[in-house]
Structure formats: structure tokens, C-alpha cells
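The values are calculated or read from the model by the stated rules, or taken from the named source; none is laboratory data. Since the structure is predicted, the reported quantities are computational estimates derived from the model, not experimental observations. Cβ placement follows ideal geometry from the backbone for every residue including glycine, while neighbour counts extend to all protein chains displayed.
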Amino acid sequence: MKQKFDIIESFCVPLPIDNIDTDQIIPARFLKATTRDEKFFGDNLFCDWRYDADGSPKAGFVLNDPRYGGCILAAGANFGSGSSREHAAWAIAGYGFRAVIASSFADIHKQNELNNFVLPVEVSEDFLRELHASIAANPLTKVRIDVPAETVTNLATGRSERFPISGYKKYCLMNALDDIDYLLEQKDKIEAFEKAR
Amino acid sequence: MNTLFDKIWDAHVVSDLPDGPQQVYIDRLYCHEVTSPQAFDGLRARGIRCLRPERIYCMPDHNTPTHDQDKPIEDPVSKAQVDALERNAREFGLTYYGMMSPDNGIIHVVGPEKGLSLPGMTIVCGDSHTSTHGAMGAVAFGIGTSEVEMVLASQCILQKKPKTMSIRIEGELGKGVTAKDLALYLMMKLTTSGATGYFVEYRGSAVRALSMEGRLTLSNLSIEMGARGGFIAPDETTFAYLKGREYAPKGEEWDKAVAWWKTLQSGPDAVFDREVVFDAADVPPMITYGTNPGMGMPIDGRIPADANPKALAYMGFEAGQRLIGHPVDYVFLGACTNGRIEDFRAFASLVRGRHKAPDVTAWLVPGSWAVKRQIEAEGLDKELAAAGFEIRQPGCSACLAMNDDKFPSGKYAVSTSNRNFEGRQGPGSRTLLASPLVAAAAAVTGKVTDPREFK
């Protein structure tokens, strides 16, 4: 799960829908697992859009469409709204996605992605519209995400944008460090804070 | 600057990371069974204990059945998850309110009613509706499981400070209009992502006039506008609610606490990153027609012409359609949104002198055992039983249908819960979010009905 980020170049799976909530990413009935089994969650990513009630794949859904693949999910606006369930990020990671491109993200889900080494790449609506047009014209459209340079590029059109990421998170992603590693080193500061209250 | 949010947040900052988030101290962590087991596994894998176990309270609520709680949970997977929480609480020395404990209930109902959630605190839980506790004048927000692990381990979290937003509602809410309608109205106006990136302070005379139950409902739904959280500055209503509660300060400590709580106000010179103002008189009884909580409308209105086609196809509705008179199969009263005593009083007040419609299945689920006891003390259970309604045992229930309380595919449910997402209340189920009064009106008529028609 912890993996170092540098430059990702990949095809994209297009899901140009706004307000995709975490109940769609992973329905509540899959939240009963008590372990972080990414394969289980990945197998059930977008379950109710992806499978019929009898478990057979729905032909119209993009994850079942052999034309599309890659480790980048290209969504719409307000990706990951609703429930705080981190299982949604586990499902995205478990499926094999390393980045999600959207024009905006819900706050809690964005943090959950970052904590699971899935990179939320926030782009302008215009960039996203053009990217979806590129993918529609050619499913083999590639995107390059350069974490050190903080840029995302549609390689079909050459259009490039900077995406927001804090220096701290960038350092964590590039070195495969998580927040808990950091916090556990802060015990003296925490105790000093408690004494000073 | 100088908003109440700034004051509470800044007083909890332990350190600033260069070009990064802030390390924020957390006064209270609540854990339920769904979003915590992997966090406890993380502690075990690292071989560490909780830094401040006395600040952490655990209770199962999502998987609990709403009947026969004295017997083992039938679904073995649900049972395993509930058992895991109990085991983890014992292993790490945390307070645990198990099923059938008189203290059990939905975390966001139990925390305020026990006085565990207090003004000026920072409160987190692996649950997006943690914003509920903002009604107490606390900075409360939902977090992911990795963040639960951070707080278990260090009593701190790393967070970027959100922007501040003032939502001011002036004037008086009309007849038949509740805090739930106000929240659904705000979502309709601001959309489901309108407050993303912000922490909301609800202000104005209409907010001041709300009871604590109403404030808890309003704060609860902050997340449905995308807000990081939403809260209300404490006042005499807050203090009167808290006085004498189990974990509220007592005696001299109480007086000191109230003196401090009175200072918890945004300054007259406070500058918010965004400010919006609404007139309470404009808020009607509301209902949702679509598949996110922002897809709402006045109950007597028509579905907007530009409504999302995917959502309408799922719901079986058409643009321009009126919902008044539309048949209703199920009614759900409960959840952390509307599972408190005032919600049951409102529901019962409309039912009084009437009977449940024969074709409606109604699930009335108190938010906690304390709410259930109060319902019984007031005789509402007998009154509702005579009208054909049964009061079930407490839990999250059909709000997200992790227990057996699921609505069947294609059926219409008027629900006082918080989300109408596709499949939220059972695969294929169709949810119309509304207030307890609208739910009661649907329960007695069997169709979507304007509660203002009832005396």
C-alpha cells in the first residue's frame, strides 16, 4: 500500500459523472470487513454500477469495457462525497488505481486517498472536459502525472496543468511515509501542549 | 479571522508543519464498529497503545439490529464486527457501551445526551455525521480510518485548517417547518458540494430559536453540503441542555465552564471567508426527489426542469412532476439526523387522532436507549402503538441498511435520515428525505402529503 510516487504515465478509465458518492464507490454492505483486505474492496469497487444482482458484469459500465484500462481514474466534480468510509479509498487502491483526476474532491475522501497512497489530482473543469473528449476520441489517450513537478499533462493534446499538493504531502508520497509515522515522533510536543492548557 | 472556529481550532494547534497541515489536539474520539477495526489492527502492528484512552468512547450502532438485541446478532459478519469493537475497547482500555447497555445508541445521539460533547472541544469520529456535535459549540468533524488510528495513537490529527463560512438565517420558521427542512433548503440552495473546504458557523435569530435537538439536526447535515463541519456558538439553550448531564462539569466546575463557554463567540470584527444569508420565512416543508441531498424541493413544488436525468431514472420520476400524492411504501423515523425525543414528539403530534395507512410499513427507531426511555416516560409509545406504530430498539438502522432494516428495490421510502444516494437504504431502494412531520403525514396517508394540511 505504501508506495513511492514519482512520475506516472498511464491510460485513464473515464467516469465523467459529478457527485460520485462513497456509497457508490463501495456500498455499505461491504463495510462489515474487519481487515484492510484491498483485494476484497477492489473486487467490489462500484459494485452496484458494475454488477447485476446475480453478480454478472453489466456490459455498459466502464470497468467492464475492455477498451479502457490504466491506473488513473478520470471522474467528474465533487468526487467522493458523502460517507467518510476509508473503504472507498481502499477499494480504489485495491482495484489498482494510483491516481484519481477530478475537478473537485470531497474533503474527507481526498484525505483518505492521500492516506492510502492514491493521488487525488484536482484539475480545472476545462482540463477535465478536454481530457474526457480525448479519451472519448481515443481510449488509448495517456496522461502523465509528474509528482515532483506537481503537473498533470494530457499527452493527446499536450495540455498541462499544475495540481495543488502541500510540500509535506509531496514529501510523504515521494518517500512512502505516512502521517502516523510523523505523529508518533511528536510525543514530547503533545505532552507539553497538554501541560500548557 | 477572529471567528469562533478560529478561536477553537487555534487553541488546539500543537504544531505547524512547514508547507503542510497542522497538528491538532483532539479532546474526544468516538469509535463505532465499522470504521475502527483496521485502526486498532494498525496499533497492534506497530506494537503501541492509545496515548489518552480516557478521551475515547466506543459503541456499536451501525450493525445493531432494531429488535431482540438481547439475543446474539443473527448475521455472523455483523456480529463479528460488533464483537471486534468490544474486544478492541477492552484490550486498549477504552470506555465501551455495548448492545443492551442502557448507555448505548447512535454515537451522535449518545455523545451530546451524556454531556460527553461539550462547547469548545475538538471532536472526531470515523463517521461523516460527526458534524452533529457542532450543535454543542464544538469543532467536530468526520475522519477516515487512518486518521482514527492517528488519534488512537497520538490524540492528534494532521489537518489543513479549513476556510470559514457563515450561514446566517434570520427570522422565524413557518408552521410545519423544522430544522430538517431548513437543512434541506440550505442544501437545495448551496448544492451538495457548496460548502466543500469550509467549516460552517450557523448564525442568526432562526438558529438561536432552535432547540438543541433542532441544532443537532442542522449541524448533522453540514456534511451533506460538503462542509468539513458545521457548528453553533453555545448560549443559554446549550447550557440548559447540558446542566446535570452525566459528563457535564458539576458544582464550581460548572460555573467556571459556563463562564468560559460564554466567551465562545465569533468577535464583532470576525471575518469569514464566505458569508451567506437566508430568510427563515422562505423555508417551506421540503422533500428530495433525487439521489443526493441537494436534489430537494418544496414539498408542494414540481421537480425542476433541469433535474439530473440519471437521478430521475433511478427514482422513477420525471422533470416537472409533482410529488404530492405520490404513493409511499415505507416510512423511516430515526437516524443521527432525526432520532431524538423531539422528533418522536413531532411525529406523534401529527399522528394523534389518526392511524397508520394500511399499505405503509413504518419503522420508528429511537437514536438511543435514553431516547426510547423518554418516549416511554411520555407515553408516546402507547399512543403510537394504538395508531398502528411500533417503536423499535435503537441504532442506525435503515439509514444505511447495514443491519436487516433494508427497503426493497424499487420501493419508495419517506425517510428522516440524511442520504438518498442510490442503494443507500437497500439495493435499488428509492429514498425521499424529509422531516419527521412529513414522514408522519406520509405514514398516516400512504402518500406524500404536506404536513401543513393537518391541524
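So, of the residues in the range B:58-82 that are of a type in the set (Asp, Glu) and surrounded by fewer than 17 Cβ atoms within 10 Å (Cβ to Cβ), which turns out to be nearest to A:PRO27 (Cα to Cα)?
It comes out as B:ASP75.
Filtering the range B:360-417 to residues that are hydroxyl-bearing (Ser, Thr, Tyr) and touching a residue at least 60 places away in the same chain (Cβ under 8 Å) leaves B:SER368, B:SER397, B:TYR412, B:SER415, B:THR416, B:SER417.
Search the range B:292-303 for residues that are of a type in the set (Lys, Arg) and pair each with any residue that is surrounded by fewer than 20 Cβ atoms within 10 Å (Cβ to Cβ) when their beta-carbon atoms are under 9 Å apart and the residues are at least 6 apart or on different chains. Between residues of the range B:292-303 that are of a type in the set (Lys, Arg) and residues that are surrounded by fewer than 20 Cβ atoms within 10 Å (Cβ to Cβ), the close pairs are B:ARG302/B:ALA319; B:ARG302/B:GLY320; B:ARG302/B:GLN321; B:ARG302/B:ARG322. Evaluated against (1) over 30 Å from B:LEU152 (Cβ atoms); (2) within 9 Å of chain B (Cβ to nearest Cβ), A:LEU155 falls short on exactly one condition, (2). Selection of the range B:236-245 for residues being within 12 Å of B:LEU118 (Cα to Cα) and either under 18 Å from the mean Cα position of the chain (by Cα) or of a type outside the set (Lys, Arg) (or both) yields B:THR238, B:PHE239, B:TYR241, B:LEU242.
Looking at the range B:368-406, which of its residues are among the small types (Gly, Ala, Ser) and over 20 Å from B:ILE107 (Cβ atoms)?
B:ALA377, B:GLY379, B:ALA385, B:ALA386, B:ALA387, B:GLY388
The set of residues in the range B:120-146 being within 7 Å of chain A (Cβ to nearest Cβ), farther than 17 Å from B:CYS336 by Cα and not in a loop (DSSP other than H, G, I, E, B) consists of B:THR145, B:SER146. Candidates A:ALA93, A:ALA102: the one that is closer than 14 Å to A:ASN78 by Cα, more than 10 Å from every other protein chain (Cβ to nearest Cβ) and either under 10 Å from the mean Cα position of the chain (by Cα) or surrounded by fewer than 23 Cβ atoms within 10 Å (Cβ to Cβ) (or both) is A:ALA102. The combined condition, being among the acidic types (Asp, Glu), farther than 22 Å from B:ASN308 by Cα and either in contact (Cβ under 8 Å) with a residue 60 or more places away in the chain or more than 14 Å from every other protein chain (Cβ to nearest Cβ) (or both), is not fulfilled by A:ASP37. Select from the range B:407-419 the residues that are among the polar types (S, T, N, Q), part of a loop (DSSP other than H, G, I, E, B) and more than 10 Å from every other protein chain (Cβ to nearest Cβ) and list them in ascending order. Within the range B:407-419, B:THR416, B:SER417 qualify.
The residues of the range A:65-101 that are closer than 20 Å to A:ILE145 by Cβ and in a loop (DSSP other than H, G, I, E, B), listed by number, are A:TYR68, A:GLY69, A:GLY70, A:CYS71, A:ALA75, A:GLY76, A:ALA77, A:GLY80, A:GLY96, A:PHE97, A:ARG98. When each of B:SER131, B:SER146 is tested for being among the polar types (S, T, N, Q) and farther than 27 Å from B:GLY296 by Cα, the lone residue that passes is B:SER146. Counting only strands (runs of 3 or more DSSP E) that sit wholly inside the range B:178-285, those with at least 1 residues that are in contact (Cβ under 8 Å) with a residue 40 or more places away in the chain and surrounded by fewer than 18 Cβ atoms within 10 Å (Cβ to Cβ) are B:274-279. Identification of strands (runs of 3 or more DSSP E) wholly contained in the range A:114-183 with 1 or more residues that are farther than 16 Å from A:PHE97 by Cβ yields A:142-146, A:151-154, A:159-162.
Among residues of the range B:28-57 being among the acidic types (Asp, Glu) and surrounded by fewer than 18 Cβ atoms within 10 Å (Cβ to Cβ), the one that is nearest to the other protein chains (Cβ to nearest Cβ) is B:ASP41. Restricting the range B:354-406 to residues that are away from chain A (no Cβ under 14 Å) and among the basic types (Lys, Arg), the residue that is surrounded by the most Cβ atoms within 10 Å (Cβ to Cβ) is B:LYS372.
For B:ASP404, the conditions (1) in a helix (DSSP H, G or I); (2) modelled with pLDDT under 95 all hold with the exception of (1). With respect to the conditions (1) acidic (Asp, Glu); (2) in contact with a helix residue (DSSP H, G or I) (Cβ under 8 Å, 6 or more places away or on another chain); (3) at pLDDT 95 or above; (4) surrounded by fewer than 18 Cβ atoms within 10 Å (Cβ to Cβ), B:ASP19 falls short on a single one, namely (3). Pairs meeting the criteria (first residue in the range B:1-24 and free of Cβ contacts under 8 Å to residues at least 40 places away in the same chain, second residue assigned to a helix (DSSP H, G or I), beta carbons under 8 Å, at least 6 apart or on different chains) are B:SER15/A:GLN186; B:SER15/A:LYS189; B:PRO18/A:GLY167; B:PRO18/A:TYR168; B:ASP19/A:GLY167; B:ASP19/A:TYR168.
When B:ARG90 is tested against (1) more than 14 Å from chain A (Cβ to nearest Cβ); (2) outside any strand (DSSP E or B); (3) modelled with pLDDT of 95 or more; (4) under 22 Å from the mean Cα position of the chain (by Cα), just one condition goes unmet, and that condition is (4). Taking the range B:114-135 as the range and being under 13 Å from the mean Cα position of the chain (by Cα) and closer than 16 Å to B:TYR247 by Cα as the test, only B:HIS133 passes.
Within the range B:281-317, the set of residues being within 21 Å of the chain's Cα centre (by Cα) and aliphatic (A, V, I, L, M) comprises B:VAL283, B:MET286, B:ILE287, B:MET295, B:MET297.
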